[in-house]
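Down below is the structure, laid out as structure tokens.
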Amino acid sequence: MNTPKDIRDLSFEELDGYLKSVGQETFRAQQIFEWIYKKGAVGFESMSNLPLDLRQRLRQDFDLKPNAITKKVVSEDGTTKFLFDLLDHEKIESVLIPTATRTTACISTQAGCKFGCRFCASGIGGWSRHLSCAEIVTQVLHVKEESQKHKRPLSNIVFMGTGEPLDNFDNLFKAIRIINSDKAMGIGARHITISTVGLVPRIKELARQNLQIELAVSLHGFDNASRNVLMPVNRKYPFDELIEACRQYVKATKRQITFEYILIKDVTCTPKAVQSLKKALQGLICKMNLIPYNPVSEFDHRTPSRQEMLTFRNRLEECGIHATIRMPRGRDVAAACGQLRHAHLEK
Ligand code: SF4
């Protein structure tokens, strides 16, 4: 049987198929999933309820190694950021974000990013490759282990790290099925958020699948012209087409959509932006997550004052658009998307 080398690249069914091919029964797949995803095993030797010859066979056929941690930084607010070194020495980031009500893992889906948003450190170095299912779930396992050390069970997953999750659709959904499965990590679909730059065909596909997963769309512009400047992807999937796809998604799934919207002084939080958003989002079940710009040296943007942000939020609310300002987390450890990786690459 031609199997992937890392055992975490296998779905439960694929693992079961492999085990059957070597004369084992389904309950062994259950045991192995428990060792990897519930107990955090990073070697086959520790799987003490498996027969010795099966452990040897697994060792021969698969890898089960932790990612090498190149850097781990802990913020004053508890946000913990990891920089991982993959087997081919690509670097990826993951973040543990503890708040009063939840403990969230922010996970990367690609090494680098091809979308080059004009405020984001991840896009600066370009795109290298998709991450495999194993590389995605291994990040979650690392963050989960760290959260358990602090007696904070991992409750939420957001795919908002480096890369565009929906551009790596198959590996992402294979990983999500493992993260979601009660046989593995058992994190509920409603506690998993996919953030997309706005790939219209993929949003339509998600609408057809009617999953319970949360969808966040990086809007970041208030009309076609402003989004063209900040997000090159808008030239392929223009603002109006994106909003229409979001309307179809909400209609098909009956689920609220979240718009991520960056607050850049004199660019995105202006009275003109409020009026344009009011018109574009009228009648759409949505909320807006307002994200204060986190400075990146390559860009000239400035962060608005606290008062400017509050005024913008209040104006949106007056227009019937529910909006909250996302409190910046881990600023002292470069927790914004791609900053740690970018600093490492620059070095
Ligand atoms: S915001 Fe997301 S899609 Fe845009 S460059 Fe950064 S990682 Fe890529």
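Sum up the charges of everything whose Cβ sits under 11 Å from the Cβ of ARG255, counting Lys and Arg as +1 and Asp and Glu as -1, but leave ARG255 out.
Cβ neighbours under 11 Å give a net charge of +2.
When the chain is treated as a GNM, springs tying every alpha-carbon pair under 10 Å, which of VAL197, VAL143, VAL274 comes out with the largest mean-square fluctuation?
The residue that fluctuates most here is VAL274.
Taking the Cα centre of the chain as origin, work out the dipole magnitude from +1 charges on Lys and Arg Cβ and -1 charges on Asp and Glu Cβ, in debye rounded to 20.
It comes to approximately 760 debye.
Could you please tell me the mean projected area of the C-alpha convex hull for segment 246-303, averaged over all directions and given in square nanometres to one decimal?
Averaged projected area of segment 246-303's Cα convex hull equals 4.6 nm².
Along each of its three principal axes, how wide is the spread of alpha-carbon positions in the chain, in whole angstrom units, largest first?
So the extents along the principal axes, rounded to whole Å, are 69, 44, 36.
What whole-number value in cubic angstrom gives the convex hull volume per residue for the C-alpha atoms of segment 83-158?
Spelled out: Cα convex hull of segment 83-158, divided by residues, is 99 Å³.
Taking +1 at the Cβ of each Lys and Arg and -1 at the Cβ of each Asp and Glu, which of GLN60, VAL22, GLY43 sits farthest along the dipole of segment 7-61 towards its positive end, judged by Cα position relative to the Cα centre?
The residue sitting farthest along the positive end of the dipole is GLY43.
Can you give the Rg to Rh ratio of segment 170-218, both from alpha-carbon atoms, with Rh computed by the Kirkwood formula?
0.98
Using only the alpha-carbon atoms of segment 89-130, report the extent along each of the three principal axes, biggest first, to the nearest angstrom.
That works out to 35, 26, 13 Å along the principal axes.
Show that you can apply the helix-only estimate: for the chain, add -39,500 (n - 2.57) for every DSSP H stretch of four or more residues, divide by all residues, and state [θ] at 222 nm to the nearest 500.
Estimated from H runs of four or more residues: -10500 deg cm²/dmol.
Over the Cα atoms of segment 133-237, Rg to Rh with Kirkwood Rh, two decimal places?
Ratio of gyration radius to Kirkwood radius: 1.03.
Using +1 at the C-beta of Lys and Arg and -1 at the C-beta of Asp and Glu, which of SER132, ASN171, LEU215 has the Cα lying farthest in the positive direction of the dipole of the chain?
Comparing the listed Cα positions along the dipole, LEU215 ranks first.
For segment 32-72, I need the span (max minus min coordinate) of the C-alpha atoms along each principal axis, in Å, sorted largest to smallest.
Taking the Cα atoms of segment 32-72, the three principal extents are 37, 21, 13 Å.
Kirkwood Rh over Cα pairs of segment 7-61 into Stokes-Einstein at 10 °C, 1.306 mPa s: D in µm²/s?
Approximately 143 µm²/s, per Stokes-Einstein.
Summing Lys, Arg as +1 and Asp, Glu as -1, what charge do residues with Cβ under 12 Å from the Cβ of VAL267 carry, VAL267 excluded?
+2
Can you tell which of THR99, ASN228, SER195 lies farthest toward the positive end of the dipole of the chain, using +1 and -1 charges on the Cβ of basic and acidic side chains (Lys, Arg; Asp, Glu)?
It is THR99, whose Cα lies furthest towards the positive end.
What's the ranking of 121-127, 252-258, 9-15 by average number of surrounding C-beta atoms within 10 Å, highest first?
The densest-packed peptide leads the list: 121-127, 9-15, 252-258.
Distance cut-off 27 Å, Cα to Cα: go down the list LYS39/LYS287; LYS114/LYS272; LYS38/LYS65; LYS174/LYS204 and report the pairs above it.
LYS39/LYS287; LYS114/LYS272
With +1 on the Cβ of every Lys and Arg and -1 on the Cβ of every Asp and Glu, and nothing else charged, how large is the dipole of segment 7-61 about its Cα centre, in debye rounded to the nearest 20?
180
Sort 51-59, 310-318 by the packing proxy (mean of other Cβ within 10 Å over each peptide's residues), most packed first.
Final packing ranking: 310-318, 51-59.
Rule-based calculations on the coordinates, nothing more; no lab input. All figures in this text were calculated on a predicted structure; none of them were measured in a lab. Counting neighbours? That spans all protein chains shown, and the Cβs are built from the backbone with ideal geometry, glycine included.
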